[in-house]
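Data block below; observations after.
The values are calculated or read from the model by the stated rules, or taken from the named source; none is laboratory data. All figures in this text were calculated on a predicted structure; none of them were measured in a lab. With ideal geometry, Cβ positions are generated from the backbone for all residues, glycine too; neighbour counts draw on all protein chains shown. When the accessible area is computed, the model is the full protein with side chains, heavy atoms only, and any ligands, DNA or RNA have been set aside. Shrake-Rupley method; radii C 1.70, N 1.55, O 1.52, S 1.80 Å.
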Amino acid sequence: MASHDVPYALALTLTAHLGLFGVTKLPAATPSIHWAPLPQNGDKEGEEQPMLDRRFDVPPAPALSVKEAHASFTLLDGYRIECVASEPLIHDPVDIAFDAQGRLWVVEMSALMLDADATGELDPTCAIAVLEDRNRDGIYDHRSEFASELVLPRSVCFVGDGVMAIFPPEIVYLRDTDGDGVADYRDQIDTGINAGLNNPEHAANGLTLGIDNWVYLANHNKRYRLLDNGEWKIESVPQVGQWGLGEDVWGRRVYNYNSAPVHGDLVPTHYLVRNPALGRAQGSNVRWAHDTKVWPGRVNTGVNRGYRRGTLAEDGRLAQYTAACGPEVFTGTNLGTNDVGDVFVCEPSGNLLRQLRMHESNGKPSGTNILDFERREFLVSTDERFRPVNIANGPDGALYIVDLYRGILQHKVFLTSFLRRQIEERQLDKYTGLGRIWRIVHEDSKESDDVGAVDYTQLSNKQLAYCFYKENSWTRKTAQRLLIARYLQEAHTEGIDPAVHSERIATLNQIARDTRKPLAQLHALWTLEGLGGLTEDFLIERLRKENHTKLLAQLIRLSEPFADHPAVRESWQWLIDHDDAEVRWQLAYSLGEAQHPAALGQMVQLLARYSWDNILRTGILSGLHGREADALNRALAHPTIAHDSHARTRLARDFARCIVRHADPHSIRRLADRAAGEVDAELRMALIQGMVDGVPKSPGDRRYRFTAPEPPSLIKLASTKDSKLTERVAHLRSRLGWSAEANPATELPAEHAAAVVRGLQLYADTCGACHQMDGEGLAGLAPPLADSEWLQKPIEKLASIALFGLSGPIEVRGESWNMTMPGWAQLSDHEIADVLSYVTTEWGAEARHVQADEVARVRKKPSP
């Protein structure tokens with residue numbers, strides 16, 4: 001079905017009991033006395049699950065009509081909320097996006113958890129719907145389907161003249177080439193999003209076109225960019241967030257985790273993973289809000305671990321965040337003036353929406369609940385089926401809320417017996433296929449452009465450029481996207497018209513010089529970048545004249561293509577002593593993109609002044625891949641660093657760690673020689689400690705078995721009278737293998753190698769979203785596997801964890817983790833054996849070829 005109208009009278013007839021326009025309540029389900037006694041995936045070993053819900057007067061949870069659902073809301077005074085779309089026009093919405101014509105695109109995950117067993121979840125019954133308000137009354141009344149018969153689609157984003165979407169296991173690019181409103185062109189951009197099919201809570205989502213013209217995702221380790229030849233460029237970024245991705249007006253992304261409401265970036269994140277020897281530089285995944293208490297409007301016993309102490313308050317309401325998701329920075333015009341820049345966060349388990357008032361100091365945002373003193377939230381509902389899961393800024397400057405509207409929220413991968421019993425007793429699995437989109441505005445806000453009132457696709461290039469002066473960020477972003485889309489289409493098809501292009505560039509240059517409107521400048525600059533229109537002379541002019549610190553940081557980044565040119569190096573030199581942290585951070589990261597030797601000297605100058613700044617210091621290290629030893633020698637020779645013991649030892653330790661992590665015997669030898677010859681005992685200890693930090697946590701790692709004799713300097717250091725030093729040297733020597741003779745071949749047997757290859761793919765599909773593809777884990781979610789002592793445990797123990805899961809608290813690499821990992825008993829014995837073969841071979845001290853029969857023996861035993 002490509003398109004259909006839903007006139008008022010017909011909708012009223014069809015939905016008198018479903019609630020689009022009707023007011024009749026759906027009949028309450030009769031509680032069942034039956035519930036599944038079998039253990040669930042989310043159950044933890046030895047943990048009792050008392051039926052705490054029986055202590056409270058839990059109200060019924062029937063599906064309410066839109067009118068009744070509206071009456072269940074308590075919203076902050078001065079604001080109003082209205083429903084703009086609901087069933088039968090939409091079903092099970094999880095993400096939305098507004099196109100340049102003001103149409104609302106809705107991602108429908110209609111097969112998600114229709115019951116506690118996820119029956120039919122992989123059936124192709126989902127769609128991407130496009131809604132229009134044809135009678136201009138503010139309520140959507142027409143639906144078409146851009147793509148249908150989908151399996152658990154997750155997100156959409158407009159790029160170029162098409163749509164980027166996540167259809168697990170693929171990220172795809174869709175286009176409508178014949179104008180009938182239905183996608184007829186599909187190109188695979190990337191694949192490997194298998195977790196979207198078997199673990200939907202922990203898979204890539206939140207497609208967001210950033211101000212820098214790259215597409216970013218939550219819970220994913222890559223970013224994407226459409227090039228003028230029609231190809232896609234893909235780069236690595238840190239994997240952050242769980243569900244939902246927002247962006248402030250300067251391009252800093254916000255995201256969260258189920259128990260942490262707001263995390264965010266302080267710097268562009270692609271820099272952070274440039275140097276594998278460093279790992280991840282700092283400046284990303286920073287907690288922007290620390291208060292995790294919530295203040296719901298009803299009893300919330302229907303949460304997955306409501307039986308645990310501290311999950312529910314004494315009155316049965318949710319006490320802490322447990323399903324935080326869908327964060328967004330308000331950048332519109334139709335809330336209060338003071339609301340611009342605030343972060344809004346969904347908590348669907350608590351049936352509420354929080355507003356965090358944001359403040360910033362030294363480049364670091366922080367937020368607090370605007371109603372914290374009153375123990376209230378911006379929006380709460382007494383309707384248990386109100387499930388806000390995503391938020392968007394609209395063309396009209398309003399805030400839009402995606403309401404999944406259903407009883408079941410928790411996926412079966414983590415479902416506990418406690419929650420399953422309630423689902424079946426209170427029939428929370430009934431009345432599926434619903435969903436609402438709500439619009440929130442301030443009662444006194446001035447009216448902006450109505451949704452769909454302006455078709456931005458019909459504006460001229462100059463008209464689009466002048467949209468950068470609009471207050472609504474959605475308008476500015478849309479204008480930037482369209483200007484670049486036109487350029488990309490011209491470049492890829494009919495060719496660039498020099499006169500048209502020259503006029504575009506001239507208009508954008510004019511706006512980029514208009515210091516009265518910094519945000520207009522920002523969009524003009526990044527549009528110029530997207531059009532290939534930035535010149536060295538223009539950038540140097542702006543670098544020397546710009547006083548707005550956030551714009552100055554952007555200009556440093558934009559000038560990176562000319563980083564090795566003398567005039568740009570000179571302009572950057574003047575910024576080394578800048579008093580703004582964001583400017584210094586950006587300079588530290590951008591210098592790593594330069595190859596000229598002078599850049600290394602500028603990095604050392606920054607380190608001499610600001611070695612205490614972790615973001616700056618690790619940012620410089622991220623850009624020194626393979627040059628750490630040279631930079632260390634220069635840094636230690638710098639007079640300021642030489643006379644600052646804290647700076648000297650801090651840098652020595654950090655640089656030594658990176659040098660050792662390259663696993664190059666010659667570099668390790670030279671570093672050991674440097675330490676042995678160092679007369680400053682404190683500096684010598686810092687160098688050795690850094691080397692210890694860099695070697696694997698367990699002995700026997702194959703990467704550190706060298707065909708070379710042990711450096712005499714290490715033997716000499718082992719015989720010193722400093723007991724603390726000799727203890728560290730002994731540890732270091734135990735992790736390094738030296739042999740003057742060639743090591744025997746370390747190539748894996750064919751069957752083992754094949755198992756590792758299969759295991760890598762399975763790991764990417766089932767484990768990588770949490771434990772990360774580099775094995776370094778994800779802060780607040782999953783511990784590291786790389787160099788983990790847990791990989792040295794017996795195969796029987798590892799197989800048990802893979803099959804039946806593991807609950808904290810546990811200790812990994814000296815850090816405590818109190819998380820729950822679900823079991824993967826749904827995988828076959830051969831699949832689990834392959835995954836274990838991969839992780840132990842890749843990150844363990846010993847390459848182990850795990851056999852399927854070893855897993856089978858563990859599976860036959862009772863789950864621990």
A 1.4 Å probe over the protein heavy atoms gives the chain a carbon and sulfur accessible-area percentage of 51
Express the relative contact order of region 39-109 as a whole percentage, based on alpha carbon pairs under 8 Å and six or more residues apart in sequence.
-> 17
Spatial extent of region 788-864: Rg and Dmax, with the Cα atoms as the point set, Å = 12.2, 33
Per-residue ellipticity at 222 nm attributable to helices in the chain (runs of n ≥ 4 DSSP H, -39500 (n - 2.57) apiece, nearest 500 deg cm²/dmol) works out to -9500 deg cm²/dmol
Tell me which lysines have Cα within less than 17 Å of LYS412's Cα, excluding those fewer than 8 residues away on the same chain?
-> LYS44, LYS430
One finds, for ALA825 and GLN510 with R0 = 51 angstrom and r their Cβ-Cβ distance, a FRET efficiency to the nearest 0.05 of 0.20
Added length on full extension, which subtracts the Cα-Cα distance from 0.36 nm per residue, GLU494 to TYR469 = 6.0 nm
Provide HIS523, HIS638 ordered by accessible surface of protein heavy atoms (probe 1.4 Å), highest first.
-> HIS638, HIS523
Computed E for GLU82/GLU593 - FRET, C-beta separation, R0 45 angstrom, nearest 0.05 = 0.40
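Per residue, how big is the convex hull of region 390-444 when only Cα atoms are used? Give it in Å³.
119
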Under a 1.4 angstrom probe, counting protein chains only, how are ASP444, ASP178 ranked by accessible area, largest first?
-> ASP444, ASP178
Net charge near THR841: determine it from the other residues with C-beta under 11 Å of the C-beta of THR841, scoring Lys and Arg +1 and Asp and Glu -1.
-> -1
In whole percents, the bins of 20 Å from zero upward hold the Cα-Cα pairs of the chain as 14, 44, 34, 8, 0
To the nearest 0.05, the calculated FRET efficiency linking ASN633 and GLU727 through their beta-carbon distance, R0 being 22 Å, is 0.25
Take the Cα radius of gyration of region 647-710 and divide it by 2.2 N^0.38 Å, with N its residue count; two decimals is plenty.
-> 1.09
Expressed as a fraction of 2.2 N^0.38 Å, the rule-of-thumb size for a compact globular protein of N residues, what is the C-alpha radius of gyration of region 278-349?
-> 1.43
The alpha-carbon center of region 675-749 and that of region 273-291 are separated, in whole Å, by 29
Of LYS470/LYS517; LYS697/LYS724; LYS797/LYS860; LYS462/LYS545; LYS477/LYS517, which sit over 21 Å apart, Cα to Cα?
-> LYS462/LYS545
Cβ under 11 Å from ALA642's Cβ, ALA642 left aside: what net charge do those residues give with Lys, Arg +1 and Asp, Glu -1?
-> -1
Overall Cα dimensions of region 673-773 - principal axes, largest extent first, Å = 51, 36, 19
Expected field for THR191, accessible surface area in Å² at 1.4 Å probe radius, rounded to 10, holds 70
In whole percents, the bins of 5 Å from zero upward hold the Cα-Cα pairs of region 516-639 as 2, 11, 23, 23, 19, 12, 7, 3, 1, 0
Mean shadow area of region 86-228 over all directions, Cα convex hull, nm² = 9.3
Computed accessible area, ARG513, all protein chains, 1.4 angstrom probe, square angstrom = 100
Can you list which of the GluC sites (Glu not before Pro) found in region 229-326 are DSSP loop residues with at most 16 other C-beta atoms within 10 Å?
-> GLU231, GLU314
Quote the charge dipole size of the chain about the Cα centre in Debye, to the nearest 20; the model charges only the Cβ of Lys and Arg (+1) and of Asp and Glu (-1).
-> 2580
Between the DSSP loop rule and a limit of at most 13 other Cβ atoms within 10 Å, which GluC sites (Glu not before Pro) in region 388-455 are left?
-> GLU443, GLU447
Taking Cα pairs under 8 Å and at least six residues apart, what relative contact order does the chain come out at, in percent?
-> 11
How long are the three semi-axes of the equivalent ellipsoid for region 260-408, computed from the Cα gyration tensor as the root of 5 times each eigenvalue, in whole Å, largest first?
-> 28, 20, 15
Using the Cα gyration tensor of region 712-864, the equivalent ellipsoid's semi-axes, largest first and to the nearest Å, work out to 33, 21, 13
Alpha-carbon centroid distance for the pair region 309-334 / region 784-800, whole angstrom = 35
For region 693-792, averaging the sequence separation of alpha carbon pairs under 8 Å that lie six or more residues apart and dividing by its residue count, the contact order in percent is 28
Projected convex hull area of region 87-163, Cα atoms, direction-averaged, in nm², equals 5.4
Averaged per residue, the 1.4 Å probe accessible area of the chain, protein heavy atoms only, in Å², is roughly 40
